[in-house]
Amino acid sequence: MTTPLLPTTEPGATPVRVMTIAGSDSGGGAGIQADMRTFALLGLHGLVAVTAVTVQNSVGVSGFQEIDPEIVSAQIRSVVTDIGTSAVKTGMLASGPIIDAVADACAERGIGRGGDTPLVVDPVCASMHGDQLLADDALDVLRRRLFPLATVVTPNLDEVRLLTGIEVVDAASQRKAAVELHGLGPQWALVKGGHLRSSSLSPDLLYDGTDFLEFATARVDTPHDHGAGDTLAAAIACALAHGYALPDAIDFAKQWVTRGLRSAYPLGAGHGPVNPLWRVDNDVRRA
Ligand code: PXL
């Protein structure tokens, strides 16, 4: 496998900027922490709008506190008007009022469809342990307000079921789900097949309203895949920020996550994180 890397910036020059709108994971595996690691390791400068602070470790999420929606949108406006960003990614948004605030700020600042800045919407609904990270009544707000703004939506199979009612079990139902999700308004719908246990591949299906494209990488068999979805969406956003076409951005991001999963490590008593530090580990071992 070739090393998935993006163009670098000259020392001292301002790097390409990318923004995450997401929740904090106190265990450091998913959410903002995963996004910022990926941004930094790919050579981009990461910007943040925090939506919620979760209380969690490797065993699960025991609670979270939401950030006031006005503070969420103020974070977006503050950094976008001064620093600027070439792509935006959303993760845990927690509630309907936060989604409304994010959608308003994005539409106003040209983020997402109709604007100049690509928007990757990872519709985070629950943790890998099944802990709820999005209010029940927020699903509809997500579909109605954020999906039509999205350049791409990146649900996993549990999120597909919640959003469309479709149980993806094979290639045919994965196609059906992609069509349904695309009908909600995003430019592209990516149905991640990473949880299709019948397959030895991780087959993700992309649909733009006309063509289906499949991205299949070998499944990495590890219990330590906390934050894999966040890392994928973050890497897609980085590649889009560098001007990649979406299919190329997905190709790149899948390689990035695969490398991270291959060097994932145990942490605490539960699930460890996908390890975007594999590049640094390689350098340290070489030193
Ligand atoms: O991996 C989804 C996710 C996103 N954001 C936060 C999370 C999780 C999963 O636990 O905690 C903050």
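Filtered by the rule that a residue be surrounded by 24 or more Cβ atoms within 10 Å (Cβ to Cβ), within 16 Å of the ligand (Cβ to nearest atom) and either within 16 Å of the chain's Cα centre (by Cα) or assigned to a loop (DSSP other than H, G, I, E, B) (or both), the stretch 66-105 gives V88, K89, T90, G91, M92, L93, A94, I99, V102.
Flag not set for L162, criterion: free of Cβ contacts under 8 Å to residues at least 60 places away in the same chain, over 18 Å from L246 (Cα atoms), under 16 Å from the mean Cα position of the chain (by Cα) and within 16 Å of the ligand (Cβ to nearest atom). For beta carbons closer than 8 Å, sequence separation of 6+ or different chains, a first residue in the stretch 119-132 that is in contact (Cβ under 8 Å) with a residue 40 or more places away in the chain and a second that is in a loop (DSSP other than H, G, I, E, B) and near the ligand (Cβ under 8 Å from one of its atoms), the qualifying pairs are D122/G91; V124/G91; V124/M92; V124/L133; S127/A30; S127/L133. Of everything in the stretch 110-126, what is crowded, with 20+ Cβ neighbours inside 10 Å and outside any strand (DSSP E or B)? Give them in sequence order. Hits for the stretch 110-126 are G112, P118, D122, P123, V124, C125.
Among residues of the stretch 232-253 that are closer than 11 Å to P4 by Cα, those with a beta-carbon under 6 Å from a residue that is surrounded by fewer than 24 Cβ atoms within 10 Å (Cβ to Cβ) and modelled with pLDDT of 95 or more at least six positions away or on a different chain give the pairs A239/F252.
Here A49, A34 are screened, and the one residue that is hydrophobic (A, V, I, L, M, F, W, C) and more than 29 Å from A216 (Cβ to Cβ) is A49. Every listed requirement among (1) more than 16 Å from the ligand (Cβ to nearest atom); (2) in a helix (DSSP H, G or I); (3) of a type in the set (D, E, K, R); (4) surrounded by fewer than 17 Cβ atoms within 10 Å (Cβ to Cβ) is met by E214 save one, (2).
Close contacts from the stretch 70-98, counting a first residue that is more than 26 Å from H226 (Cα to Cα) and a second that is assigned to a loop (DSSP other than H, G, I, E, B) and charged (D, E, K, R), with Cβ to Cβ under 6 Å and a gap of 6+ residues or different chains, come to V80/R109.
Look at L139 and say whether it is of a type outside the set (D, E, K, R) and more than 13 Å from the ligand (Cβ to nearest atom). Here the answer is yes, as L139 does meet what is asked.
Does F252 satisfy the condition of being in a helix (DSSP H, G or I) and surrounded by fewer than 24 Cβ atoms within 10 Å (Cβ to Cβ)? It is true that F252 is in a helix (DSSP H, G or I) and surrounded by fewer than 24 Cβ atoms within 10 Å (Cβ to Cβ).
Note on the stretch 220-259: among residues that are aromatic (F, W, Y) and closer than 16 Å to K192 by Cα, the one that is nearest to the ligand (Cβ to nearest atom) is W256.
The values are calculated or read from the model by the stated rules, or taken from the named source; none is laboratory data. If you're wondering where the values come from, they're calculated on a predicted model, not measured in any experiment. Cβ coordinates were reconstructed from backbone atoms using ideal geometry, including for glycine residues, and neighbour counts include every protein chain displayed.
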